[in-house]
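Student: Pasting a structure below so you can have a look.
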Amino acid sequence: MQSKPQSVLNSISPHQDVPFFRYPHVFGEHREEYMAAMMRVLESGAFILQEDVRLFEEELATFLGCRHAIGVANATDALTIALLAMDIGQGDEVICPSHTFVASAAAIHWAGATPVFCEMGSDHLIDVQHAESLVTNKTRAIMPVQLNGRTADMDKIRDLAGRKNLEIVEDSSQALGSKFKGQCAGTCGRVGVFSFYPAKLIGCFGDGGAIVTSDDSLAANMRLLRDHGRGGHGGEVQRWGMNSRLDTLQAAVLRVKLRHYSKEMARRREIASIYDAGLRALKQVHLPPAPDSDLNHYDVFQNYEIQSDRRDELRDWLSAQGVKTIIQWAGKGVHQFSGLGIKATLPKTERFFERCLLLPMNSSVTNQEATYVVNLIRQFYCNT
């Protein structure tokens, strides 16, 4: 990193420490409600697939506007279960973006199918035109990944799926509450999934996930798959299944979270507005769309991901001033991990990972901290 002239250093706002994520904040924000919910479960001894799981599933389905929500151990299992329930496996191909966490593709792999990697579009989500060029007679499904709290153009994806007879499996792990034309992420295809990892939009105190659908038959099949293939009151094993149940304790925590979620979404959008207003004029930085800049999209900003010139220098500069940032997924698309043996070249995705950077984005970030981040970035580019 280039050293800064003394005059620039003197102009910087007083040093602040802005961590990328404050994990204690996840618990502290609604501590009393969490404690009451957890104590209720602990004192009852109802730990596995009990009342709080059922109630959370009902409340989540109502929030999303779908018929069924199924709590599972994590979103990776959720995707695997969804694919297995649709009999997608050996000999089948599923198209997914390489700009995603490896779990999206891993679920396809462990279901027995082959992930086929697609370029990213200008919105950083799946490039539908490139996806269409990848369809073969083996292609069974397309998996749009709704990243950073934004939902893809689902009209285009549904059109492609309809013309090519493909299933749509939405990986909406980062997009709870995000909408496209008023429809929630995860409900635009036949099945969608969400993650409740602690740093997610709604995070529990460990791992957790959910599958959502309005298909009654598919929902029944997925409930079997999450619990060893067992169904009915007698525990009759009806098919091979797996052990992937959302803990009742985590479900109780998530019910508290869901009650406060409208405020969480609003707060993230406020922080995004501060970043957008302060950085939009910088030609060296490419920003995500501002809140309400596109009436078709309601973004909830799981992350605030920018592209920036001299990304690594900027990151070092921010860190020196107390601001912690993240480059997602080791700075690589899934197809770039040599250990996976994938043969694909995706220039747009590869270029993106040379420039991308996540700024602090969660409800613990104050207006003052967001403004501090903005000022540091402006100082970096205006004085070098």
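The values are calculated or read from the model by the stated rules, or taken from the named source; none is laboratory data. Please read these numbers as outputs of a predicted model, since none were measured by experiment. Heads up, the Cβs are rebuilt from the backbone with ideal geometry, glycines too, and the neighbour counts pull from every protein chain shown. Side chains included, ligands, DNA and RNA excluded: accessible areas come from the protein's heavy atoms. Shrake-Rupley method; radii C 1.70, N 1.55, O 1.52, S 1.80 Å.
Student: Tell me, yes or no, whether the stretch 146-167 has at least one residue that is closer than 24 Å to ASP216 by Cα, open to solvent by 40 Å² or more (accessible area, probe 1.4 Å) and either in a loop (DSSP other than H, G, I, E, B) or in contact with a His (Cβ under 7 Å, 6 or more places away or on another chain) (or both).
Tutor: yes
Student: Also, I was wondering about something else. If LEU64 meets every condition in (1) in contact with a helix residue (DSSP H, G or I) (Cβ under 7 Å, 6 or more places away or on another chain); (2) modelled with pLDDT of 95 or more; (3) open to solvent by less than 40 Å² (accessible area, probe 1.4 Å) apart from one, which number is that one?
Tutor: Going through the list (1) in contact with a helix residue (DSSP H, G or I) (Cβ under 7 Å, 6 or more places away or on another chain); (2) modelled with pLDDT of 95 or more; (3) open to solvent by less than 40 Å² (accessible area, probe 1.4 Å), LEU64 breaks only (1).
Student: Here are some residues: ALA36, ALA46. Which one is of a type in the set (Gly, Ala, Ser) and either touching a Gly at 6+ places or on another chain (Cβ under 8 Å) or surrounded by 16 or more Cβ atoms within 10 Å (Cβ to Cβ) (or both)? Give the steps one after another, and end with the answer.
Tutor: Numbers: ALA36 fails: either touching a Gly at 6+ places or on another chain (Cβ under 8 Å) or surrounded by 16 or more Cβ atoms within 10 Å (Cβ to Cβ) (or both).
Unique residue meeting the criteria: ALA46.
Student: Scan the stretch 293-310 for residues that are within 20 Å of LYS283 (Cα to Cα) and under 23 Å from the mean Cα position of the chain (by Cα) and jot them down.
Tutor: Step one: of the stretch 293-310, the residues within 20 Å of LYS283 (Cα to Cα) are 293, 304-310.
Matches in the stretch 293-310: SER293, TYR304, GLU305, ILE306, GLN307, SER308.
Student: In the stretch 194-292, which helices (runs of 4 or more DSSP H) lie fully inside it and hold 2 or more residues that are in contact (Cβ under 8 Å) with a residue 12 or more places away in the chain and touching an Asp or Glu at 6+ places or on another chain (Cβ under 7 Å)?
Tutor: Numbers: elements: 216-226, 248-259, 261-279.
Those helices (runs of 4 or more DSSP H) span 248-259.
Student: Moving on to the next point. Return the residue satisfying two criteria in turn: it lies in the stretch 12-32 and is touching a residue at least 40 places away in the same chain (Cβ under 8 Å) and assigned to a helix (DSSP H, G or I), and of such residues it is most open to solvent (accessible area, probe 1.4 Å). Spell out how you get there, then give the answer.
Tutor: Restricting attention to the stretch 12-32, the residues satisfying the condition of being touching a residue at least 40 places away in the same chain (Cβ under 8 Å) are 12-13, 15-23, 25-27, 29-30.
Then keep just the ones that are assigned to a helix (DSSP H, G or I); that gives 23, 25-27.
Numbers: TYR23: 115, HIS25: 53, VAL26: 13, PHE27: 55 Å².
Ranking the qualifying residues of the stretch 12-32, first place goes to TYR23.
Student: A further question on this structure: For a quick check of your reading: which strands (runs of 3 or more DSSP E) sit entirely within the stretch 68-127 and have at least 3 residues that are over 30 Å from CYS204 (Cα atoms)? Please lay out each step first, then the result.
Tutor: Details: elements: 68-72, 93-97, 114-118.
Correct list: 114-118.
Student: If you check GLU369, GLU313, GLU350, which single one turns out to be in a helix (DSSP H, G or I), open to solvent by 10 Å² or more (accessible area, probe 1.4 Å), under 30 Å from HIS109 (Cα atoms) and at pLDDT 95 or above?
Tutor: On the way: GLU369 fails: under 30 Å from HIS109 (Cα atoms); GLU313 fails: under 30 Å from HIS109 (Cα atoms).
Going through GLU369, GLU313, GLU350 in turn, the sole match is GLU350.
Student: Looking at the stretch 288-317, which of the residues that are aliphatic (A, V, I, L, M) and in contact with a helix residue (DSSP H, G or I) (Cβ under 6 Å, 6 or more places away or on another chain) is farthest from ARG269 (Cα to Cα)? Break it down stepwise before answering.
Tutor: We begin by selecting, within the stretch 288-317, every residue aliphatic (A, V, I, L, M); these are 290, 295, 300, 306, 314.
Retained after the next criterion (residues that are in contact with a helix residue (DSSP H, G or I) (Cβ under 6 Å, 6 or more places away or on another chain)): 290, 300, 314.
Details: ALA290: 9, VAL300: 6, LEU314: 24 Å.
Top of the filtered list is LEU314.
Student: Can you go through ALA113, ALA103, ALA82 and tell me which one is more than 22 Å from HIS260 (Cα to Cα), open to solvent by less than 40 Å² (accessible area, probe 1.4 Å), in contact (Cβ under 8 Å) with a residue 12 or more places away in the chain and over 21 Å from the mean Cα position of the chain (by Cα)?
Tutor: Working: ALA103 fails: over 21 Å from the mean Cα position of the chain (by Cα); ALA82 fails: over 21 Å from the mean Cα position of the chain (by Cα).
None of the other options fit; the residue is ALA113.
Student: Mind counting the residues in the stretch 208-236 that are under 14 Å from HIS68 (Cα atoms), touching a Phe, Trp or Tyr at 6+ places or on another chain (Cβ under 7 Å) and either open to solvent by 20 Å² or more (accessible area, probe 1.4 Å) or not hydrophobic (A, V, I, L, M, F, W, C) (or both)?
Tutor: Of the residues in that region, 1 qualify.
Student: When you scan the stretch 119-144, how many residues do you find that are over 18 Å from the mean Cα position of the chain (by Cα) and of a type in the set (A, V, I, L, M, F, W, C)?
Tutor: Within the stretch 119-144, residues that are over 18 Å from the mean Cα position of the chain (by Cα) and of a type in the set (A, V, I, L, M, F, W, C) number 5.
Student: Suppose we keep only residues that are out of contact with any helix residue (DSSP H, G or I) (no Cβ under 7 Å at 6 or more places or on another chain) and closer than 19 Å to ALA152 by Cβ within the stretch 270-287. Which one would you say is surrounded by the fewest Cβ atoms within 10 Å (Cβ to Cβ)? So that I can check it myself, show each step before the final result.
Tutor: Of all residues in the stretch 270-287, those out of contact with any helix residue (DSSP H, G or I) (no Cβ under 7 Å at 6 or more places or on another chain) come to 270, 272-273, 276-277, 280-281, 283, 286.
Filter once more, so that each one left must be closer than 19 Å to ALA152 by Cβ: 272, 286.
Details: ALA272: 23, HIS286: 17.
Here the residue is HIS286.
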